[in-house]
Amino acid sequence: DFGRSSELAFVVEPSDDIAVQEQPLILYCQVEGIQPITITWRKNGVMIVDSENAFMLANGSLYVSRFQRVRGDGSSDEGEYDCMAQNHYGLLVSRKAKIQAATMSDFHIHPQNAVVEEGGVARFQCQIHGLPEPVILWHKNSMPVNTDNERYTLLPKGVLQITGLRAEDSGIFHCVATNIANVKFSREARLTVSGSHSTVYKDPMILVGPENLTLTVHQTAVLECIATGNPRPIVSWSRLDGRPIGVEGIQVLGTGNLMISDLTVQHSGIYVCAANKPGTRVRRTAQGSLVVQAPAEFVQHPQSISRPVGTTAIFTCVAQGEPPPQITWLRNGQILETSDHIKLKNNNSTLSIYGINQADEAIYQCLAENSAGSTQASARLTVLWADGLPSPPQGVRAETVSATTIQVSWEKPLQNTKEIIGYVLHIRKAADPVEMEYQEAVSKSTFQQLVTDLEPSTSYSFYIKAYTSRGASKASEVTVVSTLGEVPAMPSLFIKVINSTTVQATWEPSIKLGQHEGFKLYYRKVHLSQYTGPVLLASNITAYNITHLDASVVYEVKLLAYNQHGDGNSTVRFVSLRETVERTVLNPPCDCMKDEQNNKTSTTGIIIGIHIGVTCIIFCILFLMFGYRGRLLMCKNVQEQLSTPQIPRSQRSATGLVLNGATRRDRDDRDLNGKQLDMNELERLFPASPSQEQQEKGIMSAHSLSAPHDETQISTLPLDEFSIIEEQPDPLPKHPHGSSPAAPARNHGPANEG
C-alpha cells in the first residue's frame with residue numbers, strides 16, 4: 001500500500017473558460033505525487049509544443065500570450081485542452097477544458113413601436129447572441145430605466161414589461177447589451193399611451209407564454225407569462241405532471257413571471273401559466289418545458305489496489321448526471337483496449353483484469369462525460385512480486401481419458417521450490433472468456449490431476465501456478481486438449497394406439513442426448529427376427545406413425561439416437577392392437593353425420609309439433625267464440641218463432657244445424673233504440689229451421705238450462721247431447737217474408753242425428 005501523497009493525482013485541473021481576443025489566457029494544472037513528475041499539455045488531442053504564443057509555466061500551468069480566435073495561418077486558439085502528468089508509476093490525464101472566444105453578434109430582434117391604452121400592458125424585447133451571455137439593460141429617453149418602479153419588470157433575456165400603463169410612461173426606449181467582448185445598442189422604439197382606462201369587459205388573454213429552456217444546475221430560469229384582460233386576470237403557475245412547484249428559490253417577477261433560482265435536476269418539467277378571470281373559472285393557459293442538465297459527477301471513485309501476480313484486479317467507477325454520462329477507461333492516458341483478460345461490465349462501470357502480471361501495473365482512469373460537462377478519477381494497480389518466488393511449473397501435459405474426463409500432469413518448477421505449499425490448476429473452455437475460468441487446488445506432492453465432469457467433444461485450456469505463503473509463481477505454458485466424442489443417451493419412448501392398424505411412437509428431446517444428428521426407428525412382429533427399418537428421423541422430429549399393422553399380433557418398437565460417434569442405446573416398447581379391435585366390435589363407432597342428421601330431424605319435428613299445438617288452441621278458441629254467439633242467436637230465434645208465423649219450408653235452406661247447449665237471456669233491452677233483431681239477419685245466420693218437433697225440443701232444452709235473469713251461465717254438455725239435424729229441401733214455392741204458410745208444415749225425421 002502507498003499513502004495518499006504517493007498517488008499521482010491532480011490538485012487543480014483546467015476548467016472551461018471564455019477568452020478575450022488579443023488578451024492573455026492561463027489554464028491551470030497542478031499535480032501531486034512521487035517525483036519526478038512530468039507535465040505536458042494537449043489541444044484537441046495534439047501535443048502542444050512550447051512557442052512564443054503558448055508555453056508552460058513552472059507550476060505546470062499553460063500560458064497563452066495573445067489569444068486569437070483565428071490566426072493568420074487559419075489555426076485557432078479555441079478548442080479542448082487537457083494536461084498530462086507522468087511519473088515512474090504511470091500517466092494521468094486531466095479533464096478536458098473547453099476554451100471559447102468571447103463574441104457578440106448584432107441584435108437580431110429590436111424593440112418595436114407600440115400604442116397601448118391607459119391601464120394596459122406594454123412589452124419590449126431585444127435579442128442578441130454572445131459569449132459570455134450579454135447583460136441587457138433598458139434606457140428610456142436615453143436614461144436607464146428605473147428598476148425601483150414595481151410596474152417595470154426587466155427579464156434576463158432582454159424583455160421589458162410595463163403594466164398598469166400611465167401617460168407618463170410614454171417615451172422612447174432602447175436596450176444596451178454588454179459583455180467582455182463588446183457593447184452594442186439596439187434601435188429605438190416609441191411607446192404611446194392613449195386614451196383613458198377602458199371599462200369594457202375583455203376576456204383573459206396571454207400575450208406571451210413561457211418558452212422552452214435548457215439550462216444547467218445552479219443557474220437561474222425565468223419563465224415569462226404576461227396576460228391582459230378586463231378585469232385584470234390573475235396569473236398562476238403549475239406543473240403539468242401535478243407535482244408541486246415548491247417555494248424555495250421561487251419568486252414571481254412583475255405580475256406573473258416565474259423565476260427559479262439555483263436550479264436542480266428536480267426542477268425539470270413542463271410548466272403551465274394560467275390567466276384566470278377573477279371570481280370565475282374562465283381562463284387561458286400556455287406552457288413551456290424546462291430541462292435542467294447536470295454535469296457528470298462520481299458517486300463511487302475507483303480505488304488504488306495492490307494484487308499478487310496471477311490474481312484478479314477489479315476497479316469500480318459509478319457516475320451520475322443529466323443526461324446520464326458515458327464512461328471511458330484510460331490506461332496510462334491511452335484508451336483502454338479490452339481483451340481476453342481485460343473486461344468491462346455494467347455499462348463500463350466495472351473494470352476487471354484477470355490473471356494480472358507486471359505488464360498490467362499502471363494508472364487506470366475513469367472518464368465520465370455528458371453534454372453538461374466531464375470529470376475524471378484515477379486509481380493505480382500495483383502488482384506485487386516478491387523475490388525468491390518459484391519459477392513456473394514445467395512440462396504441462398493434458399491427455400484425454402474419456403468423453404468427460406481429462407488428466408493433466410506437470411513437473412515442479414526449476415527454481416525456488418522449497419517454499420511451495422501447493423499448486424492451482426486453472427481450467428477453462430477454450431471458447432469461453434477468461435472470467436469463466438475456474439480452479440482446482442492440488443497438494444505440493446501431487447503432479448497430476450484428473451479433471452472430471454467435462455463436456456464431450458469440447459476443447460479445454462489448462463495452466464498451472466505454484467503457490468507459496470508470499471505469493472504465486474508466474475503461470476505455466478497453456479495447453480489445450482479436447483474431450484472424446486460421445487454417443488447420445490437413450491431417448492424416452494411412448495407408444496399410443498391410434499386404431500386397429502396404426503400406432504404412434506412419440507419421444508421427448510432431452511439435453512441428455514447431447515449432440516445428435518437424428519433418430520432411428522425400428523419395429524417388427526415379436527415372433528419374427530427381422531426388423532422393419534431403420535426409419536431415419538431428423539433431430540427435431542418427436543413423433544412417427546407406424547401404419548398397416550396386423551391387429552392379431554404383438555409388435556416390438558425400438559428407438560435410438562445417433563451422431564457422428566455412433567448409435568446410442570435403444571429404448572424398446574411392446575404394443576398389441578387386439579384389445580382395440582375387440583373394443584371396436586363391442587362399441588362400434590358412431591356415425592356422427594347420421595346422428596347429426598337425426599338431431600336435425602328431431603328438432604324439426606319438435607318445431608312442427610309446437611306449430612300444430614298452437615294451431616289447435618287457436619281453433620278451439622274460435623270454436624268456443626262462434627258457438628257462444630250461435631247459441632245466443634238460436635235462443636232469440638226460438639222466442640220469436642213462438643210469437644210469429646212459421647216460415648214455410650220452401651224458404652228454408654236444405655240443411656239446418658242446431659247445437660244443444662247453454663242459452664242466455666235475450667239482451668235486446670240493452671239496445672238504446674229498442675230495435676228488434678231483423679229476421680233477415682236471422683235467415684242469413686240460420687238459413688233453415690228444424691221441424692216443429694225439434695224446435696219444441698230445443699225450446700224445452702233451452703228453458704230447462706236457461707240461467708236466471710240477472711246472470712249468464714255457459715254450460716258444457718257431453719258429446720251424447722250434441723245433435724246435428726239435417727232436413728231435405730222443401731219443393732214448395734217460397735212465401736213472402738214474415739207470412740204464414742198456406743198448409744201445415746210436414747214433419748220430417750232427421751236424416752242424420754248424432
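Odds and ends about this structure:
- Whichever residue in the range 486-538 is assigned to a loop (DSSP other than H, G, I, E, B) and touching a Pro at 6+ places or on another chain (Cβ under 6 Å) and, among such residues, is modelled with the lowest pLDDT: Gly514
- Residue match in the range 217-229 (condition: among the small types (Gly, Ala, Ser), modelled with pLDDT of 90 or more and within 25 Å of Gln125 (Cα to Cα)): yes
- Those residues of the range 145-171 which are in a strand (DSSP E or B) and open to solvent by 30 Å² or more (accessible area, probe 1.4 Å), in sequence order: Leu154
- Close pairs (6 angstrom Cβ cut-off, 6 or more residues apart or separate chains): acidic (Asp, Glu) in the range 316-330, open to solvent by 20 Å² or more (accessible area, probe 1.4 Å) anywhere: Glu322/Val265; Glu322/Gln293
- For Thr338: the one exception among (1) in contact (Cβ under 8 Å) with a residue 24 or more places away in the chain; (2) open to solvent by 80 Å² or more (accessible area, probe 1.4 Å); (3) part of a loop (DSSP other than H, G, I, E, B): (1)
Here's the yes/no breakdown for (1) on the phi > 0 side of the Ramachandran plot; (2) surrounded by 15 or more Cβ atoms within 10 Å (Cβ to Cβ); (3) in the same structural domain as Leu549 (by the TED database):
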| site | (1), (2), (3) |
| --- | --- |
| Ser443 | no, no, no |
| Pro456 | no, yes, no |
| Ile464 | no, yes, no |
| Ser473 | no, yes, no |
| Pro488 | no, yes, no |
| Ile498 | no, no, yes |
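- Every condition in (1) surrounded by fewer than 14 Cβ atoms within 10 Å (Cβ to Cβ); (2) assigned to a strand (DSSP E or B); (3) under 43 Å from the mean Cα position of the chain (by Cα) is met by Glu435 except one, and the failing one is (2).
- Listed by first and then second residue, the pairs with beta-carbon distance under 6 Å, at least 6 apart or on different chains, first residue in the range 477-489 and closer than 24 Å to Trp507 by Cα, second surrounded by 16 or more Cβ atoms within 10 Å (Cβ to Cβ) and of a type in the set (A, V, I, L, M, F, W, C), are Glu486/Ala403; Pro488/Leu513; Pro488/Ala561; Ala489/Leu513.
- Of the residues Val318, Val396, Val408, the single one that is β-branched (Val, Ile, Thr), open to solvent by 40 Å² or more (accessible area, probe 1.4 Å) and modelled with pLDDT of 90 or more is Val318.
- Among the conditions (1) under 30 Å from Ser378 (Cβ atoms); (2) at pLDDT 95 or above; (3) over 28 Å from the mean Cα position of the chain (by Cα), the only one that Cys273 does not satisfy is (1).
- When restricted to residues that are in a strand (DSSP E or B) and touching a strand residue (DSSP E or B) at 6+ places or on another chain (Cβ under 8 Å), the range 19-51 contains 14.
The rows are residues; the columns are (1) in contact with a helix residue (DSSP H, G or I) (Cβ under 6 Å, 6 or more places away or on another chain); (2) open to solvent by less than 40 Å² (accessible area, probe 1.4 Å); (3) within 14 Å of Val176 (Cβ to Cβ).
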| position | (1), (2), (3) |
| --- | --- |
| Asp77 | no, yes, no |
| Asp82 | no, yes, no |
| Ala97 | no, yes, no |
| Phe107 | no, yes, yes |
| Pro111 | no, yes, yes |
| Met143 | no, no, yes |
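- Selection count where residues are buried (at least 18 other Cβ atoms within 10 Å of the Cβ), within 13 Å of Thr328 (Cα to Cα) and in contact with a Phe, Trp or Tyr (Cβ under 8 Å, 6 or more places away or on another chain), scope the range 349-374: 6
- Criterion violated by Ser469 - all others in (1) in contact (Cβ under 8 Å) with a residue 40 or more places away in the chain; (2) surrounded by 14 or more Cβ atoms within 10 Å (Cβ to Cβ) satisfied: (2)
- Count of the range 355-402 residues which are on the phi > 0 side of the Ramachandran plot and either free of Cβ contacts under 8 Å to residues at least 40 places away in the same chain or aromatic (Phe, Trp, Tyr) (or both): 1
- Qualifying positions in the range 282-322 - among the β-branched types (Val, Ile, Thr) and part of a strand (DSSP E or B): Thr285, Val291, Val292, Val299, Ile305, Ile314, Thr316, Val318
- 3 or more residues touching a residue at least 12 places away in the same chain (Cβ under 8 Å), of a type outside the set (Gly, Ala, Ser) and open to solvent by 20 Å² or more (accessible area, probe 1.4 Å): qualifying strands (runs of 3 or more DSSP E) within the range 172-262: 189-194, 202-208, 213-216, 234-239
- Within the range 52-63, if we keep just the residues that are outside any strand (DSSP E or B) and under 14 Å from Asp77 (Cα atoms), the residue that is least open to solvent (accessible area, probe 1.4 Å) turns out to be Asn53.
- Residue match in the range 555-574 (condition: at pLDDT below 85, assigned by the TED database to the domain that holds Val526, of a type in the set (S, T, N, Q) and assigned to a strand (DSSP E or B)): yes
- Condition met for Thr285 (without any contact (Cβ under 8 Å) to a residue 60 or more places away in the chain and of a type in the set (S, T, N, Q)): no
The values are calculated or read from the model by the stated rules, or taken from the named source; none is laboratory data. Keep in mind it's a predicted model, so treat the numbers as computed, not measured. Virtual Cβ from ideal backbone geometry, glycine too; neighbours counted across all protein chains shown. Side chains included, ligands, DNA and RNA excluded: accessible areas come from the protein's heavy atoms. Shrake-Rupley method; radii C 1.70, N 1.55, O 1.52, S 1.80 Å.
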